[in-house]
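One structure is given here, and the rest of the page talks about it.
Since every read-out is calculated from the coordinates, none of them should be taken as a lab result. Note that the structure is predicted; figures quoted are calculated from it, not measured. Methodologically, a virtual Cβ is constructed for each residue, glycine included, from the backbone with ideal geometry; neighbour enumeration extends over all protein chains shown.
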Amino acid sequence: MSNKMWGGRFSTAPDAIMEEINASIGFDQRLYAQDIAGSKAHAAMLAAQGIVAAKDAQKITKGLDTILSEIEAGKFSFRRELEDIHMNVESRLAELIGAPAGRLHTARSRNDQVATDFRLYVRDTVDALDAQLADLQRALAEKALAHAATVMPGFTHLQTAQPVTFGHHLMAYVEMMARDRSRFADARARLNECPLGSAALAGTSFPIDREATAAALGFDRPTANSLDAVSDRDFVMETLSAASICAIHLSRFAEEVVIWTSPSFALVKLSDAFTTGSSIMPQKRNPDAAELVRAKAGRIIGALTGILVVMKGLPLAYAKDMQEDKEGAFDAFSALSLVIAATAGMVRDLSPDEKRMATAAGQGYSTATDLADWLVRALNIPFREAHHITGRIVALASDRGIALHKVPLEDMQAVDKRITGDVFSVLSVVRSVRSRTSYGGTAPQRVRAQARRWLKRLGAAPDAT
Ligand code: ARG
């Protein structure tokens, strides 16, 4: 039997392999809610324009509602021979209401239909991801506020560089998440145009009202070019780009959690809730959640690469290649959602070992810059010369295997006789971070102000810690 939806000029059924490669119902059934919403908007418009009789449109709408509840109740049987979600819904509609079902596809094609459905789906996904990212920002800012004065080593090249506060480090990710959210918001604003009514590729001869369907579906306006509307998937590429960048941010954080929780660093602890044991080494506590957050970035970037490559050589307008826009995107969006949730969970769970952090922060002569700055400030020595003097004092301390603040004053004075005992006031890690009061700096007062500003913006009550 040929396909009953489009099989008019076909005399035999497609080969089984043809059906298998052609069908998308296995994955595009996820678009059912958007597909039904789009069809309802289309039917209402057709009736309002007098293209379809009002009573037929009513039957169509009622039938579509029935189908929606059937799908939601798990009572709908999706059929592969009907290819995709659009024809599965329409075919069921014909079973439910008979002949009027055949009027729904007037002035429409699956090409504008799928483009509309998928834009709606991506828009919903972006909204859900945005809410999750706001929650993650809240978790980070709350932890940052609690640890605004907790000193930890700041690294460059993963070498101890200067002391920073743990709160400051966490707030760096709040900023990254803010840009991720704004990238998603930009993508959302650009995708929010309605392709419905572009029909197969050229528009339609029916007197449709595209403004009405666009408005009914919450779009800002109808798309302005029918060829473009049915054949671009830049909205998928763009949201997957935003998703990839976000996943990379989260992967970097995950990598830091892996490093911090390693017993060789032991700066941070994760509880049993976010670690796993080893089946052979009883002492192990593995940061699997962090590792998987790190790994899923690969998958999300893979989905972006996939759609970029699928699209790159396609002539206008629609080609079936575009059906391959969905699975990777579905997979990437659910991976990102999971990754954000897991990261928020880890942030709330993790506790820094404040003593070890402070000790580690002082290692590697991390306050050498503070010494050089003191020479500039207190003794009016040019920075380049101060850098040189400091280098000699560090070398001296390093030869003896002692910390900077343990170098006796006389020995410092042997390097430069202008140095006074006041110098010791800047050599501790706590003094160091307190002095970094420049806007955007690591001083606890700055970190507190930033964390409070964010919590207020995110609608969370900043506590007094
Ligand atoms: N399942 C198809 C897709 O996802 C729907 C559009 C089919 N259009 C067509 N001309 N065969 O792209």
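Tabulated data
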read-out	value
Tilt relative to the chain, helix 288-311 - C-alpha long axis, 0 to 90 degrees, to 10	50
Compactness index (Cα Rg / 2.2 N^0.38 Å), segment 190-254	1.50
Low-density loop positions, trypsin sites (Lys or Arg not before Pro), segment 296-379 - DSSP coil, at most 15 other Cβ in 10 Å	LYS312
Cα-derived Rg to Rh of segment 212-365, Kirkwood definition	1.17
Rg to Rh quotient for segment 285-385, alpha carbon positions, Kirkwood Rh	1.33
Built amide H within the under 5 Å cut-off of ALA161, gap 5+	GLY154, PHE155, THR156
Pairs of Cα atoms farther than 24 Å apart, segment 7-124, %	26
Cβ charges +1 (Lys, Arg) and -1 (Asp, Glu), total dipole of the chain, debye	1320
FRET efficiency, 1/(1 + (r/R0)^6) with R0 51 Å, evaluated for ILE280 and THR420 via beta carbons	0.30
Separation between Cα centres of segment 63-108 and segment 120-199, rounded to whole Å	40
Cα point-scatterer Debye curve for segment 1-66, base-10 log of I(q)/I(0) at q = 0.20, 0.23, 0.27, 0.29 Å⁻¹	-0.90, -0.93, -1.02, -1.09
³J(HN,Hα), Karplus 6.51/-1.76/1.60, whole Hz, each residue of segment 365-371, x for Gly, Pro	6, 5, 9, 4, 5, 5, 5
Percent of Cα pairs exceeding the 20 Å cut-off, where the set is segment 326-448	57
FRET efficiency for ALA131 and LEU314, using Cβ-Cβ distance with R0 set to 35 Å, rounded to 0.05	0.55
Rounded to 10°, Cα long-axis angle of helix 85-97 versus longest principal axis of the chain	40
Cα-centre dipole for segment 47-123 with unit charges at Cβ (Lys and Arg positive, Asp and Glu negative), debye to 20	160
For segment 189-202, 3J(HN,Hα) per residue [Karplus equation, 6.51 cos²θ - 1.76 cosθ + 1.60, θ = phi - 60°, Hz, x = Gly/Pro]	4, 6, 7, 7, 10, 9, x, 4, x, 6, 6, 5, 6, 10
Folded to 0 to 90 degrees: helix 383-400 orientation relative to the chain principal axis, Cα	70
Rg/Rg_ref, segment 137-260, where Rg_ref = 2.2 N^0.38 Å and atoms are Cα	1.63
Protection-proxy order for peptides 9-16, 379-386, each taking the mean of Cβ atoms within 10 Å per residue, highest first	379-386, 9-16
Linear extension gain, GLN445 paired with HIS388, 0.36 nm per residue minus alpha-carbon span	17.4 nm
Dimensionless Rg ratio for the chain, taking C-alpha atoms and the 2.2 N^0.38 Å reference	1.35
Farthest toward positive dipole pole in the chain [+1 Lys/Arg, -1 Asp/Glu at C-beta], among ILE245, LEU316, ALA134	ALA134
Listed residues TRP260, ALA290, ALA414: farthest to the positive end of the dipole of the chain (Cβ charges)	ALA414
Cα-centred dipole magnitude for segment 169-328, charges only on beta-carbon of K, R (+1) and D, E (-1), debye, nearest 20	480
Contour excess over end-to-end distance, with Cα ends at GLU327 and SER438 and 0.36 nm allotted per residue	35.2 nm
Segment 210-218 - phi-based ³J(HN,Hα) in whole Hz, Karplus 6.51/-1.76/1.60, Gly and Pro as x	6, 4, 5, 5, 4, 5, 4, 9, x
Pairs beyond 18 Å (Cα-Cα), from LYS40/LYS62; LYS296/LYS320; LYS4/LYS326	LYS296/LYS320; LYS4/LYS326
Rounded FRET efficiency, nearest 0.05, which uses the C-beta distance separating ILE21 from GLU95 and R0 of 41 Å	0.95
